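The values are calculated or read from the model by the stated rules, or taken from the named source; none is laboratory data. Predicted, not measured: the structure shown is a model, and the values here were computed from it. Backbone-built Cβ (ideal geometry, glycine too); neighbour counts: all protein chains shown. Please note that ligands, DNA and RNA were not included when accessible areas were found on the heavy atoms of the full protein model with its side chains. Shrake-Rupley method; radii C 1.70, N 1.55, O 1.52, S 1.80 Å.
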Amino acid sequence: MTDDGSGSRQRAIEALARREYERAGDEYTRAAWQRLATPRAGQSPFEPDEKGWVGAGLQFLCLAGVAYRVAGQDGRATRRGVEGVAVANDLERGLDKPVQRACLDEFAADFRAIGGMDGVADAYREARSAYERAGDSVDSPQAVGTTPLFEAAAASLKQVARSLDDGEIAIAWEDLHGSDPADAGGFLGHRADYKRRRFPSLLERVVEAGYLAAPRGTTEYDNANHRCPACESTDVNWAAGNTLCLRCSTPVERR
């Protein structure tokens, strides 16, 4: 049976919880390759897909690069960045809607930022321009923004940001998107503008801190059954089969 990447993703998050960031990068890479090969059962990454399920593979590749940077493995992070730019460009063969291709341009800019590559700001500006050109073809930018492709493109930024904000949701929908959905190009293009301003500096801060949080899953505040052995918080985050502290991503203990 083909692995859909879920096992590797679970192990990646477990490695984040144990502060084993190079191993997390390895497991996120495996999850990425698996999901890129088979976005969903029976689906090719090179065929049109209105939802853009292949975005999860790009998301995991982004997170692999971030984890490598936090681990001090800058060369490996750069290789993930180069790989990600190439894959995002190649996936335009299947994701044929102009707005999806603009999102792939957004991903390509993210990979440049994560890999410490040149041309980051220009790449985000190109993504912004692509969204503006695609605007007339979009009936509902809110619906587009909640498809798997677009949610995957926001996930790495959100995970990096929550690493610096006590595990809370640090970037809301309203931060990432424009204020006027009637202007579809501008509404979605704000994503590229926001990332151009914020993502590189957030990345530098998590690298300096040496800490990347687990993604936010199902959460509960003041849980009666668990306590974090590291910070004593009773706020819990269940992420891909891992029961973690919401605040510091340490595996929690039952009490």
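Pairs of alpha-carbon atoms within less than 8 angstrom and 6+ residues apart define the contacts here; what relative contact order does segment 110-181 have, in percent?
Relative CO of segment 110-181 lands at 18 percent.
Give the separation of the Cα centroids, segment 107-145 to segment 20-40, in Å.
Between the Cα centre of segment 107-145 and that of segment 20-40, the gap is 23 Å.
Per residue of the chain, what 222 nm ellipticity follows from adding -39500 (n - 2.57) for every DSSP H run with n ≥ 4, rounded to the nearest 500?
Here the helix-only value at 222 nm equals -18500 deg cm²/dmol.
What is the P(r) of segment 1-137, as percent of Cα-Cα pairs per 10 Å bin from 0?
Computed distribution, short to long bins: 14, 40, 34, 12, 1.
Please list, in chain and number order, the residues 5+ apart from ARG216 or on another chain whose amide H is under 5 Å from its amide H, with Hs placed from the backbone.
Here nothing satisfies the definition.
Only Lys, Arg, Asp and Glu count, each charged at its Cβ (+1, +1, -1, -1), so figure out the dipole size of the chain about its Cα centre, rounded to 20 debye.
660 debye
Counting each pair of different Cα atoms once, what's the Kirkwood radius of segment 153-255 in Å, rounded to one decimal?
The Cα-based Kirkwood calculation yields 14.8 Å.
In square angstrom, what is the accessible area per residue of the chain with a 1.4 angstrom probe?
In whole numbers, the chain has 44 Å² accessible per residue.
Contour minus end-to-end for GLU20 and ASP122, with contour as 0.36 nm per residue of separation and end-to-end as the Cα-Cα distance?
Gain on stretching GLU20 to ASP122: 33.4 nm.
Would you work out the relative contact order for the chain, in percent, from Cα pairs under 8 angstrom that are 6 or more residues apart?
Over the chain, the number comes to 18 percent.
What number comes out for the charge environment of THR29, summing +1 per Lys or Arg and -1 per Asp or Glu over other residues with Cβ under 12 Å away?
Value of the local net charge: +4.
Please give the length that would be gained between SER137 and GLU92 if that part of the chain were fully extended, namely 0.36 nm times their separation in residues minus their C-alpha to C-alpha distance (nm, one decimal).
Full extension from SER137 to GLU92 adds 14.5 nm.
For segment 109-194, what does the alpha-carbon gyration tensor say about shape, rounded, prolate or oblate, given a ≥ b ≥ c as the root eigenvalues, a/c under 1.5 as rounded, and a/b over b/c as prolate?
In terms of gyration-tensor shape, oblate.
For segment 8-152, which whole percent of the accessible surface, found with a 1.4 angstrom probe, sits on carbon and sulfur atoms?
Looking at segment 8-152 in its full context, I get 43 percent from C and S.
Can you run phi through the Karplus equation (6.51, -1.76, 1.60; θ = phi - 60°) for segment 37-48 and list ³J(HN,Hα) in whole Hz, with x for Gly and Pro?
5, 9, x, 8, 4, x, 10, 8, x, 9, 10, x
I'd like the Karplus ³J(HN,Hα) series for segment 157-170: coefficients 6.51, -1.76, 1.60, θ = phi - 60°, whole numbers in Hz, and an x wherever there's a Gly or Pro.
Karplus values, whole Hz, x for Gly and Pro: 4, 5, 5, 4, 5, 5, 4, 9, 9, 6, x, 7, 6, 8.
If the chain between ARG79 and PHE46 were fully stretched, how many nm would it gain, using 0.36 nm times the residue separation less the Cα-Cα distance?
So the chain would gain 9.6 nm between ARG79 and PHE46.
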